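**Q** One structure, as structure tokens, below. Some questions next.
The values are calculated or read from the model by the stated rules, or taken from the named source; none is laboratory data. Remember, predicted model here, so these are calculated numbers, not experimental data. Glycine gets a Cβ as well: all are built from the backbone with ideal geometry, and neighbour counts include every protein chain shown.
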Amino acid sequence: MRLDKLLANSGYGTRSEVKDILRSGRVRLREDVLTDPAFQIAEEQARFLTLDGQPITSSRYLYYCLYKPDECLTAMSDDRLFCVGDLLPPSLRTKKISPVGRLDYHTTGVLLLTNDGELSHRLTSPKWHQKKVYLVTYSGDALTEKEVVLFSKGMTLTETGHAPEKLKPAELILLSDQQCRLTLTEGKTHQVKRMLAATGRSVIALHRESMGSLTLHEGQKPGEMYALSSEEIEALIRPTLNP
Ligand code: URA
């Protein structure tokens, strides 16, 4: 689509007002200033457009980082349980955004919401090794260097009734007798709980601190979400473009 048309359609003024904005050098595609109203812009590039340094808001793609609270289902709607969809402001409910991946009902922390289906697919595909960092509070004996080595080699889960499952190497940092930080590069169902269970421990509380470059903002409270800036969007997307 022509750039002036895209901006006008996005509510930034009439075609002639938009041309004036462009001439004054206020619109950028990443670092490049765009002044030509006839510049052809592909739909996937639109997310990197800024006006006066701010993302062009009615871009087709939306990205939010939610601080998922405890007792909240990772789903957009549910008949019985409180869910992520209940935390969205009414203006977003019609935008077809959904969570990328899943956190358990009691797991708290970083959850990406977007309507960018392609990115969602790339981030959850086993091909992309996005680091996910979890703060784990557990019960049982304190984890030791033995588990640090076991996890770092890529353990095999042998659960009754299931075929053995080989996991990718994971980084375990011992924080205290009941807490550790675990970094995974894959996202198998209930993976953290299953890894801890395999060592004879149980997870009491689980909090995702980050997913790739995405973290909670300082002061962000459970249930709150923020819209990603164009830099945050780019930092998230860039590592998924080349496996
Ligand atoms: N691993 C789990 O066991 N639960 C989560 O919610 C996320 C990772």
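**Q** Of all residues in the stretch 188-200, which are under 20 Å from the mean Cα position of the chain (by Cα) and surrounded by 15 or more Cβ atoms within 10 Å (Cβ to Cβ)?
**A** Within the stretch 188-200, Q191, V192 qualify.
**Q** Among the candidates G140, G161, single out the residue that is touching a residue at least 40 places away in the same chain (Cβ under 8 Å) and of a type in the set (G, A, S).
**A** It is G140.
**Q** Quick one: count up the residues across the stretch 156-194 that are in contact with a His (Cβ under 9 Å, 6 or more places away or on another chain) and within 13 Å of the ligand (Cβ to nearest atom).
**A** Of the residues in that region, 2 qualify.
**Q** Next question, about the same structure. From the residues in the stretch 126-167 that are at pLDDT 95 or above and assigned to a loop (DSSP other than H, G, I, E, B), which one is nearest to the chain's Cα centre (by Cα)?
**A** Out of the qualifying residues, it is L167.
**Q** Next question, about the same structure. Among the residues of the stretch 26-33, are any within 16 Å of the ligand (Cβ to nearest atom), in contact with a helix residue (DSSP H, G or I) (Cβ under 6 Å, 6 or more places away or on another chain) and not β-branched (V, I, T)? So that I can check it myself, show each step before the final result.
**A** Taking the stretch 26-33 first, the residues within 16 Å of the ligand (Cβ to nearest atom) are none.
So far as the stretch 26-33 goes, no, none of its residues is within 16 Å of the ligand (Cβ to nearest atom), in contact with a helix residue (DSSP H, G or I) (Cβ under 6 Å, 6 or more places away or on another chain) and not β-branched (V, I, T).
**Q** Working carefully through the options L81, L103, find the one that is over 18 Å from M225 (Cα atoms), part of a loop (DSSP other than H, G, I, E, B), outside the structural domain of I173 (by TED's automatic domain parsing) and in contact with a strand residue (DSSP E or B) (Cβ under 8 Å, 6 or more places away or on another chain).
**A** None of the others qualify; the one that does is L81.
**Q** Is it true that some residue in the stretch 102-120 is aromatic (F, W, Y), closer than 15 Å to G223 by Cα, surrounded by fewer than 20 Cβ atoms within 10 Å (Cβ to Cβ) and within 16 Å of the ligand (Cβ to nearest atom)?
**A** Within the stretch 102-120 (the criterion being aromatic (F, W, Y), closer than 15 Å to G223 by Cα, surrounded by fewer than 20 Cβ atoms within 10 Å (Cβ to Cβ) and within 16 Å of the ligand (Cβ to nearest atom)), the answer is yes, since at least one residue qualifies.
**Q** Restricting to the stretch 1-29, name every residue that is modelled with pLDDT of 90 or more and exposed (fewer than 13 other Cβ atoms within 10 Å of the Cβ).
**A** If the condition is that a residue be modelled with pLDDT of 90 or more and exposed (fewer than 13 other Cβ atoms within 10 Å of the Cβ), then D20, R23, S24, G25 are the ones that fit.
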